[in-house]
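Undergrad: Before anything else, here's the structure in question.
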Amino acid sequence: MLRRNMTRDGAAGDRLRSAAGHLGTTKGRVLLYPIYELNHAIMTPYRAAADLTRLYYKNPLNPLSHTPFGKQMVAGAEVFERLTRRYGKPAFDIDRTVVGGREVAVTEEVTWERPFGRIVHFDKRMPRRGNQPNVLIVAPMSGHY
């Protein structure tokens, strides 16, 4: 939460609050994507520093690399780098399924998409027979985000 700066006229605090109010908002709704992008941009130099730290302490010519302290520094730098890394979205790789003992082709169609999520329809290429149930698959945050 932004607070008003303690100035006599309060103008600086009002300008700061007004500028921050426009960052990532649309008619009262907070848009998380600009904040996510800003966070990633801010973390870039820290990720580079963590990578340099990891390389420094992992170098076999460095005498500290063989100590518990050096190994902890490498592990900590790797954890930080992995937590702040951007990962690509893996494919579902559902191209075939079995319906009634017969193998059927499946196509993936994106029906709705936003920066933080999308709804994908897996269409079986066959005439619709009977009353087949609809299935909702919710992918875990660990892989398909």
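Residues are listed down the side, and each one gets a yes or a no for (1) in contact with a Phe, Trp or Tyr (Cβ under 8 Å, 6 or more places away or on another chain); (2) more than 19 Å from residue 133 (Cβ to Cβ); (3) not assigned by TED's automatic domain parsing to the domain that holds residue 121:
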position: 66; (1), (2), (3): no, yes, yes
position: 69; (1), (2), (3): no, yes, yes
position: 75; (1), (2), (3): no, yes, yes
position: 79; (1), (2), (3): no, yes, yes
position: 96; (1), (2), (3): no, yes, no
position: 105; (1), (2), (3): no, yes, no
position: 108; (1), (2), (3): yes, yes, no
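Undergrad: For a quick check of your reading: which helices (runs of 4 or more DSSP H) sit entirely within the stretch 1-104 and have at least 3 residues that are modelled with pLDDT of 90 or more and surrounded by 14 or more Cβ atoms within 10 Å (Cβ to Cβ)?
TA: 32-58, 68-84
The values are calculated or read from the model by the stated rules, or taken from the named source; none is laboratory data. As the structure is a computational prediction, the values presented were derived from the model and not from experiment. Heads up, the Cβs are rebuilt from the backbone with ideal geometry, glycines too, and the neighbour counts pull from every protein chain shown.
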